[in-house]
Each structure stands twice: as C-alpha cells, then as structure tokens.
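A.B. asks: Take this structure first; my questions come after.
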Amino acid sequence: MGRTVVVLGGGISGLAASYHLSRAPCPPKVVLVESSERLGGWIRSVRGPNGAIFELGPRGIRPAGALGARTLLLVSELGLDSEVLPVRGDHPAAQNRFLYVGGTLHALPTGLSPSLTLKVASLAMDSLCRGVFAGNSRELSIRSCFPSLFQAEQTHRSILLGLLLGAGRTPQPDSALIRQALAERWSQWSLRGGLEMLPQALETHLTSRGVSVLRGQPVCGLSLQAEGRWKVSLRDSSLEADHVISAIPASVLSELLPAEAAPLARALSAITAVSVAVVNLQYQGAHLPVQGFGHLVPSSEDPGVLGIVYDSVAFPEQDGSPPGLRVTVMLGGSWLQTLEASGCVLSQELFQQRAQEAAATQLGLKEMPSHCLVHLHKNCIPQYTLGHWQKLESARQFLTAHRLPLTLAGASYEGVAVNDCIESGRQAAVSVLGTEPNS
C-alpha cells in the first residue's frame with residue numbers, strides 16, 4: 001500500500017485511530033504525533049503515597065450500548081480483562097445519584113419533595129449540562145450534547161418519555177466480557193491501576209505493531225503539496241503524509257490549517273471549550289452521609305462547584321493501604337470562567353480551599369484531608385453550543401468538496417465521553433482504510 005497516515009494527538013481518540021489503522025490487513029505506515037511528553041490526553045491516573053489511585057480526568061467508563069461494548073472488546077483485545085473493576089447493577093454507586101439542592105442531598109429521581117418536583121426537570125438538565133460538559137444549559141445544544149435525548153424527543157415528543165422508552169438499538173459486538181457486563185448490569189467500570197492503564201496498553205500495542213510514536217512534538221502547521229499530500233511541520237523537522245487524522249481540539253487544528261482551507265478553519269475555530277479544576281481529596285477515618293456515585297450541583301446552588309464524585313463507593317479497591325475515603329470535587333462553571341477572564345492568579349491553594357469547603361458543607365467532611373491533588377485542565381471540555389451540528393456539517397461539506405485527505409476525530413465533534421472518543425478514532429480509521437479493520 002505504501003501510504004503514510006499521520007495521526008495528530010496522542011489522547012485516547014488518536015490512540016484508538018492508530019490502533020485500528022495498525023490492525024488492518026495491509027496497514028499503512030502510521031505516525032502518531034503528540035505535543036506533550038505523555039500519551040493518554042485527559043486520561044491520567046496518579047498513585048498516592050498509600051497506593052491509592054487518583055483519577056485526574058475520567059474515572060469510570062459506561063459499558064452501555066454498542067459504543068460501550070466496543071470499548072470492552074478493545075479492553076479484551078489488549079489483554080486487560082483481569083484488571084477490570086466493574087460496578088454491578090445492584091451496587092449503591094450504580095443505583096444512587098444525588099442532586100444538592102437547598103443545602104441538602106436529594107436522591108434522583110426519587111426523594112424529591114413535591115415542592116421541588118416542578119423545579120427538578122430544569123435543575124436536572126442544568127446539572128446534567130454542568131456534570132457532563134461543565135457548561136451552561138441555556139447555551140448548549142441538546143441535539144449535539146445528548147443526541148439520544150434529542151432522538152427520543154423527536155420520536156416520542158417528550159424527553160422524559162424518551163428516557164423511559166430508550167433510544168433505538170444498534171447492533172453490538174460480542175465477547176465474554178461484554179456478556180458479563182450485560183448479565184451483571186454494570187453501570188460503569190475502571191481498571192485496577194486506574195483508567196490510564198488503557199492508553200498505556202494501547203501505546204505498548206502500537207509500538208509492537210511498528211507504529212512510530214513521536215512525543216514532545218507540537219505541530220506548527222499543515223500545508224498541501226502539489227501532489228495532494230500533506231506536509232506536517234514539527235518544531236525542528238517535518239513529515240509527509242498521504243492522509244492526516246486530526247485528534248487534537250478543533251480550535252487548535254483551525255490555527256494549523258493552510259490559507260486555502262480558511263472556511264474550514266473558521267468553522268472549527270467556533271468550537272470552543274471550557275476549563276475544569278479537578279481536586280482529588282482523601283480523608284482518613286471519614287464516612288460519607290450517603291452511598292452512591294456522587295452528586296451534581298445546579299448553578300443556582302453554587303456557580304463554581306459542578307459536583308462531587310464519591311470515588312471510594314464505586315472503586316474501594318483503589319483506596320490504598322491503610323484505606324482512606326476518596327472524593328473528587330469538580331470546579332468550573334461561571335465562577336471559573338469569570339476568574340479566568342479577570343486574569344487573577346489561579347493558585348492551587350484557591351482551588352483546594354474551594355474544594356475542601358464544598359466537601360465540608362455538602363458532605364460533612366470537616367477534617368483536613370490526608371492527601372490532596374489539584375489540577376486545572378484548561379479548555380478540556382468542548383462546548384456543543386447551539387448550532388454545533390451546522391458547524392460540523394459545513395466542515396464535512398468543505399472536506400468533501402475539496403477532497404482534502406483530512407479526517408476529524410476526538411471530543412470536539414460528536415461526544416466527549418471516553419467511549420465517544422474511542423469510537424471517533426475507530427471511525428476515522430475505517431474511513432481512511434475504506435473498510436473495517438480486523439486482526
């Protein structure tokens with residue numbers, strides 16, 4: 001075949017694209033380019049002094065649907081079955097989620113007093129937009145953010161009815177792990193050493209398949225050569241590519257495109273992202289007032305705290321020794337946007353103090369944490385604002401009309417969850433190969 005495919009971005013989308021390309025019957029030459037020194041993007045797991053696992057990004061993956069099943073298939077192909085930590089359907093972390101309203105925790109969807117029932121739909125949607133996208137429900141496009149809800153609303157004329165009836169089913173792959181997840185009704189799963197084991201296993205696999213992985217190599221620009229190939233300029237060298245898969249944020253790609261792709265760059269630059277501060281806290285000898293996955297906080301209750309995840313409930317195996325209670329406070333929203341815009345110093349102390357206050361007020365964790373990690377993830381969650389799908393459509397039309405050998409993948413486009421990102425990488429590989437990859 002002799003083709004070279006350059007994949008931009010070594011997050012989970014770029015890793016998945018490279019993986020599926022490398023498994024084709026006649027694989028092209030694949031070069032994966034990552035600007036930082038590590039792969040895995042926002043998926044990052046850190047081991048604490050007592051051996052506890054702290055997730056700085058995503059902390060659990062949902063096995064539901066065809067996409068969830070495909071990710072479990074990937075896990076099996078990478079030989080990680082024995083590392084999987086499932087949350088079964090009868091577990092409190094699967095059954096209980098809470099909303100912090102009026103200074104108290106309310107179980108969803110039951111447990112709301114009649115006076116709150118009317119407010120719950122808008123509060124739940126506000127909280128859902130904050131919990132998933134760290135965004136504002138009035139600015140986000142439900143069609144693009146929650147396509148299954150949009151489909152359901154179109155089909156059943158009611159979002160709540162749609163949630164009850166479920167969206168259409170798509171065929172899904174089959175494996176022992178997928179069957180186990182279905183039989184035990186898993187709500188989510190992680191890996192013993194943290195989710196970063198997934199990108200690490202992908203990297204090992206890619207290296208074994210002869211994929212070139214370039215780290216610490218920011219892309220400086222893309223230009224089209226006379227024969228329709230790309231020249232990918234790096235800091236001190238360049239690559240030639242027959243095709244480029246971009247798994248970097250849309251706004252970053254928009255600045256690398258050549259002048260002749262200006263309309264595409266315009267569409268992509270309009271896809272913005274918001275920052276989230278993730279604060280991991282561990283407490284020795286402390287207990288939670290409730291058992292569940294965690295709670296969301298509506299913007300009306302607190303403009304800065306998006307929610308708190310009760311990590312120890314879902315994955316006690318990661319509590320370390322001696323075990324300590326782990327929770328993660330997510331900070332963002334209008335509070336963080338205002339801080340960023342004001343140019344004030346965003347110190348670790350500021351975020352730690354805000355997170356400890358939230359844990360004390362909302363969960364009664366008033367003691368000092370034994371361990372604390374603070375990470376500000378700048379522009380980590382793309383915002384599918386109103387009209388998002390039109391931006392994607394104009395990008396697609398430009399790529400088709402100009403026959404550009406460029407395929408878009410990653411969280412900027414059609415889903416921010418880990419499963420969505422892995423699937424976008426797989427689909428990018430399929431479109432480049434023109435056929436389904438296999439082993």
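A.B. asks: On average over all directions, what projected area in square nanometres does the stretch 259-411 have, based on the convex hull of its Cα atoms? Spell out each step's value before the answer.
C.D. replies: Working: hull surface 49.4 nm².
Result: a mean projected hull area of 12.3 nm².
A.B. asks: What's the ranking of 333-345, 269-281, 22-34 by average number of surrounding C-beta atoms within 10 Å, highest first?
C.D. replies: On the way: 333-345: 13.5, 269-281: 21.8, 22-34: 19.7.
Put in order of decreasing packing, that is 269-281, 22-34, 333-345.
A.B. asks: Please identify, among Ala107, Ala181, Ala16, the residue showing maximal mean-square fluctuation in a Gaussian network model of the chain using a 10 angstrom Cα cutoff.
C.D. replies: Ala107
A.B. asks: How compact is the stretch 237-278 by the rule of thumb for globular proteins, expressed as Cα Rg over 2.2 N^0.38 Å? Please report the intermediate quantities before stating the final value.
C.D. replies: On the way: Rg = 12.8 Å, N = 42, 2.2 N^0.38 = 9.1 Å.
Dividing the Cα radius of gyration by 2.2 N^0.38 Å gives 1.40.
A.B. asks: Beyond 13 Å, what share of the Cα-Cα pairs of the stretch 268-338 remains, rounded to the nearest whole percent? Write down the numbers at each step before the final one.
C.D. replies: Details: 1706 of 2485 pairs.
Of all Cα-Cα pairs in the stretch 268-338, 69 percent lie more than 13 Å apart.
A.B. asks: Based on the Cα atoms of the stretch 347-404, what semi-axes does the equivalent ellipsoid have, where each is the square root of 5 times one gyration tensor eigenvalue, given in whole Å with the largest first?
C.D. replies: On the way: eigenvalues 402, 35, 13 Å².
The answer is 45, 13, 8 Å, longest axis first.
A.B. asks: Using just the helices of the chain, give the 222 nm mean residue ellipticity in deg cm²/dmol: DSSP H runs with n ≥ 4 each add -39,500 (n - 2.57), and the total is spread over all residues, rounded to 500.
C.D. replies: On the way: 17 runs with 166 residues, N = 439.
Rounded to the nearest 500, it is -11000 deg cm²/dmol.
A.B. asks: A further question on this structure: What list of ³J(HN,Hα) values in whole Hz, one per residue of the stretch 179-186 in order, does the Karplus curve 6.51 cos²θ - 1.76 cosθ + 1.60 (θ = phi - 60°) give from phi, with Gly and Pro shown as x?
C.D. replies: 5, 5, 4, 5, 4, 9, 6, 4
A.B. asks: Under the definition of Cα pairs under 8 Å and six or more residues apart, what whole-number percent is the relative contact order of the chain?
C.D. replies: Numbers: 887 pairs, mean separation 117.7, N = 439.
Relative contact order, the chain: 27 percent.
A.B. asks: For the stretch 194-284, I need the span (max minus min coordinate) of the C-alpha atoms along each principal axis, in Å, sorted largest to smallest.
C.D. replies: The principal-axis extents, from largest down, are 63, 37, 21 Å.
A.B. asks: Tell me the angle of helix 333-342 to the major Cα principal axis of the chain, expressed in degrees between 0 and 90 and rounded to the nearest ten.
C.D. replies: Helix 333-342 sits roughly 70 degrees off the main axis of the chain.
A.B. asks: Okay, next question. In a shell of Cβ-Cβ distance under 13 Å around Ser370, excluding Ser370 itself, what net charge do Lys and Arg (+1) and Asp and Glu (-1) give?
C.D. replies: Values: positive: Arg326; negative: Asp319, Glu367.
With Lys, Arg at +1 and Asp, Glu at -1, the net is -1.
A.B. asks: How long are the semi-axes of the equivalent ellipsoid of the stretch 25-88, taking √(5λ) for every eigenvalue λ of the Cα gyration tensor, in whole Å from largest down? Mind showing how you got there, number by number?
C.D. replies: Working: eigenvalues 117, 88, 27 Å².
Gyration-tensor ellipsoid for the stretch 25-88: 24, 21, 12 Å.
A.B. asks: In square angstrom, what is the accessible area per residue of the chain with a 1.4 angstrom probe?
C.D. replies: Working: 19480 Å² over 439 residues.
On a per-residue basis, the chain sits at 44 Å².
A.B. asks: What is the mean projected area of the alpha carbon convex hull for the stretch 1-116, to one decimal in square nanometres? Mind showing how you got there, number by number?
C.D. replies: On the way: hull surface 48.4 nm².
Projected area, direction-averaged: 12.1 nm².
A.B. asks: P(r) for the chain: what percent of alpha-carbon pairs falls in each 20 Å bin, starting at zero?
C.D. replies: 24, 58, 17, 0
A.B. asks: Here's another thing I want to ask about it. Can you tell me which of 299-311, 68-80 comes out highest on packing, and rank the rest after it, using the mean Cβ neighbours within 10 Å?
C.D. replies: Going from most to least packed, we get 299-311, 68-80.
A.B. asks: Translational diffusion coefficient of the stretch 5-56 at 25 °C, 0.890 mPa s, Stokes-Einstein with Kirkwood Rh over Cα pairs, in µm²/s as a whole number. Intermediate values should be presented prior to the final figure.
C.D. replies: Working: Rh = 12.5 Å.
Once the numbers are plugged in, D ends up at 196 µm²/s.
A.B. asks: Wrap a convex hull around the Cα atoms of the stretch 179-232, take a quarter of its surface area, and give that in square nanometres. Show your work: numbers first, answer last.
C.D. replies: Values: hull surface 29.9 nm².
Quarter of the Cα hull surface area: 7.5 nm².
A.B. asks: Leaving out ligands, DNA and RNA, what percent of the accessible area of the chain is carbon and sulfur, probe 1.4 Å?
C.D. replies: Values: 10620 of 19480 Å².
After summing per-atom areas, the C and S share lands at 55 percent.
The values are calculated or read from the model by the stated rules, or taken from the named source; none is laboratory data. In this text, all values refer to a predicted model and were calculated from it rather than measured experimentally. Glycine gets a Cβ as well: all are built from the backbone with ideal geometry, and neighbour counts include every protein chain shown. Note: areas computed on protein heavy atoms with side chains; ligands, DNA, RNA excluded. Shrake-Rupley method; radii C 1.70, N 1.55, O 1.52, S 1.80 Å.
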